[in-house]
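Below: the structure, in structure tokens.
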Amino acid sequence: MNQEIRDKYEVVIGLEVHAQLQTESKIFAADATAFGAAPNTHISPITLGHPGTLPKLNKKAVEYAIRLGLAVGSEISKYQHFDRKNYFYPDLPKGYQITQDKTPICIGGGVKVKLSTGEKTVRFHHIHLEEDAGKSLHQEGSSDSLLDYNRAGTPLVEMVTEPEIKSAEEAAQFVTEVRKLVRYLQICDGNMEEGSLRCDVNVSVMLVGSKVFGTKVEIKNMNSIRFIQKAIEYEIVRQIEAIESDEKIIQETRNFDPATGRTSGMREKESMNDYRYFAEPDLPPLHISEEWIQSVKSQMPALPWELFEKFIQHYKLPEYDAGVLTDTREIAEYFESTVSFTNNYKAASNWVMGSVKSFLNENSLEISDFGISPARLAQLIQLVDDGKVSNSVASQQIFPEMLLDLTKTPLQIAESKNLIQQSNTDTLQTLIDEVLANNEAKVKEYKNGKKGLLAMFMGEVMKKSKGSADPKVTSVLLQKSLEN
Amino acid sequence: MKIDQESLQKIAHLARLEVKPEEEAEMLSSLNSVLTWMEELNEIDTENVKPLTHITLEINALREDKVIPSISRAEGLFNAPKQDGEYFRVPKVVE
């Protein structure tokens, strides 16, 4: 699209992020929430919406929502009730979804996102609790849709942002931060592929400076951050082009097709926009006391941005390192555990960001699957710090060996493979003397000012020591010998 | 507030009820008389009355997060008009 035309418009995006809470049981019933079970095996009369059943609220779901609200600085609503959102769709067994329309559990709050243009806080309008729907499967050629109600009743928090996101990049960064946060809080596994975290995107465009939002389009059920970004980028261009050619934007729900990178209007048999909310009579109101909030607060895990600051302030790491290490709670914990055994924070950071992470990436493993304990990694760092092995020997020879045999210490490996650096000055001096004696002509050149030859002598000593000479000690001894 | 034929049909559709043309007149008059009756409530001054959402005084009926197995799949599917032993089957919902 022509940049001049693009620049005439301002983009307005609001997101609704749904996160499945990691409870064992459902929000209003005791059947399991585990993902991947055989269809319709995690059901109960409550989940299926049979007459005469009585839902009962899961305490943990409430506490997880409070935990989230406290983390993002929301106000926790003291007096709440649930509402029925009425519509007919086969994945909704009762004919209504239990949600919070009038009294969402969290009001306000926000999440900081880092953008190429700086930092910005995306604010929440509110966060509310609700139940997930079942899953429908549509088979090619069949006249039926298949319904699996295992997911129905899984607790969800829906995070609704203010319409103040300005670009696809910002939306993607926001979802990345939210995903990181819920995983840190251990309230949601953040698995977008399995649908634990999903996102509805509202996009509209308007002329720069306009006071009135354009007609918005909703893109539903996005389950990948990359797709969210692509769908928004596509939708912005589509809407601007439509307006530029005097077409009207229709307020509608659109689907994103990852294969084509385009969005298209959903051919729904019915628009479902008259939900006739009313207070759920089957669930008594929920009152949240200050003591309850305090007890949730006291069990609050460390937050990603707190660790980020700590890694910079306390461990004196560069921002880049702090960012990489706090990307997931598990990596951050591994790092913190490692530095409880060594004071060389930067070395620990380099190891975790380098060798450890690349090993995990290459083998598609999580840090929880990683065999080398933080204590062992710290021993390896110590070995380098003591000058017993060089960094490259440590990463190229000892580290791979440690992975193969988790019972051996780095020192045992270094000794058994003869990798301990020669820092014994007597042994090294003998080698140096030999090298200098064999290269008399070069020694003369060096003494006549060709100082660059030092590297050549270093190489020769290294060769003679079979790579075990401590470079620092060797260099000092070598220069001393040459100056004589 | 007065219900007209159009809103009657809309409400009926939202509840998936079919109102036959010969039933419309009776349905309209009965709905309107209910609404008129309810409108008497508007005459009461509720300025200082908190909204009442529930008639019991009970609050915070909570359960611990514990899985208790319930009915089997076969039992769950038992009453379904159409099912295949694994899934509930319904007329296709997307085109």
Run down the lysines and flag those whose C-alpha is under 17 Å from the C-alpha of A:Lys447, throwing out any fewer than 8 positions away in its chain.
A:Lys480
Whole-number accessible area per residue in Å² for chain A, which is evaluated in the context of all protein chains at 1.4 Å:
47
Only Lys, Arg (+1) and Asp, Glu (-1) charged, at Cβ; chain A dipole about Cα centre in debye:
1060
Just tell me, in residue order, which DSSP H segments of chain A are both 20 angstrom or longer along the helix axis (alpha-carbon based) and at least -0.5 in mean Kyte-Doolittle hydropathy.
A:168-184, A:225-244
Please compute how much accessible surface disappears when A pairs with B, both sides summed, using a 1.4 Å probe, and round it to the nearest 100 Å².
4100
Net charge contributed by nearby residues that have their C-beta within less than 10 Å of A:Asp200 (K/R +1, D/E -1):
-1
How many percent of the accessible area of chain B is carbon or sulfur, using a 1.4 Å probe?
58
When the accessible area of each residue in region B:50-65 is compared between its chain alone and the complete protein assembly (1.4 Å probe; ligands, DNA and RNA ignored), which residues differ by at least 40 Å², being lower in the assembly?
B:Thr53, B:His54, B:Ile59, B:Asn60, B:Ala61, B:Leu62, B:Arg63, B:Asp65
For region A:20-86, just say rounded, prolate or oblate: build the C-alpha gyration tensor, square-root its eigenvalues into a ≥ b ≥ c, call rounded for a/c under 1.5, and beyond that prolate if a/b exceeds b/c, oblate if not.
oblate
Output field shielding_mean for B:9-19 (other chain Cβ, 10 Å radius) holds 2
Reachable lysines, given that their alpha-carbon falls under 16 Å from the alpha-carbon of A:Lys346 and they are not under 8 places away in the same chain
A:Lys310, A:Lys316, A:Lys357
Hey, what's the Kirkwood Rh for the protein assembly as shown if you take every pair of different alpha carbons, in angstrom?
29.2
Taking protein heavy atoms only, a 1.4 Å probe, and rounding to whole percent, the accessible area of chain A owed to carbon and sulfur comes out at 49
What residue among B:Glu18, B:Glu64, B:Glu43 has the largest mean-square fluctuation in a Gaussian network model of chain B, using Cα springs under 10 Å?
B:Glu64
Could you tell me the calculated FRET efficiency between A:Asn191 and B:Ser33, based on Cβ-Cβ distance and R0 = 60 angstrom, to the nearest 0.05?
0.65
When only C-alpha pairs under 8 Å and at least 6 residues apart count, what is the relative contact order of chain B, in percent?
17
Considering protein heavy atoms only and a 1.4 Å probe radius, which residues within region A:140-169 exhibit an accessible-area decrease of no less than 50 Å² in the full assembly relative to the chain by itself?
A:Asp144, A:Ser145, A:Leu146
From largest accessible area down, sort B:Thr56, A:Thr99; use a 1.4 Å probe on the protein chains.
B:Thr56, A:Thr99
Out of A:Asn40, A:Ser355, A:Gly467, whose Cα points farthest toward the positive end of the dipole of the protein assembly as shown (charges: +1 Lys, Arg; -1 Asp, Glu; placed on Cβ)?
A:Gly467
Quickly estimate the mean residue ellipticity at 222 nm for chain A, helices only: each DSSP H run with n ≥ 4 gives -39500 (n - 2.57), and the total goes over all residues, rounded to 500.
-10500 deg cm²/dmol
Honestly region A:391-484 on the Cα gyration tensor test (a ≥ b ≥ c root eigenvalues; a/c under 1.5 rounded, otherwise a/b vs b/c for prolate or oblate) is just prolate
Quick shape check on chain B: root eigenvalues a ≥ b ≥ c of the Cα gyration tensor, a/c under 1.5 is rounded, otherwise prolate if a/b tops b/c, else oblate, and it reads oblate
Within 14 Å, Cβ to Cβ, of A:Leu147, how many net charges do the neighbouring residues add up to if Lys/Arg are +1 and Asp/Glu are -1?
+1
Distance between region A:444-484 and region A:371-423 - C-alpha centres, whole angstrom
26
For a protection proxy built on the mean count of beta-carbon atoms within 10 angstrom, sort A:219-231, B:2-14 highest first, please.
A:219-231, B:2-14
Under a straight-distance cross-link criterion of Cα-Cα below 20 Å, which aspartates and glutamates are reachable from A:Lys463, leaving out those fewer than 8 residues away in the same chain?
A:Glu415, A:Asp426, A:Asp433, A:Glu434, A:Glu440
Please report, to one decimal in angstroms, the Kirkwood hydrodynamic radius of region A:302-416 built from all distinct Cα-Cα pairs.
14.3
For peptide A:36-45, compute the average count of partner chain beta-carbon atoms within 10 Å of each residue's beta-carbon.
5
Highest mean packing first, using Cβ neighbours within 10 angstrom, the peptides A:461-473, A:23-35, B:75-87, A:288-300 sort as A:23-35, A:461-473, B:75-87, A:288-300
³J(HN,Hα), Karplus 6.51/-1.76/1.60, whole Hz, each residue of region B:23-30, x for Gly, Pro:
8, 4, 4, 5, 4, 4, 5, 6
To the nearest whole number, what is the average tally of beta carbon atoms from other chains within 10 Å of the beta carbons of peptide B:76-89?
5
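The values are calculated or read from the model by the stated rules, or taken from the named source; none is laboratory data. None of these values were measured; they are calculated from a predicted model. For neighbour counting, all protein chains shown are included, and Cβ atoms are generated from backbone atoms with ideal geometry for every residue, glycine included. For the accessible areas, the whole protein counts, side chains as well, though only heavy atoms, and no ligand, DNA or RNA atoms are used. Shrake-Rupley method; radii C 1.70, N 1.55, O 1.52, S 1.80 Å.
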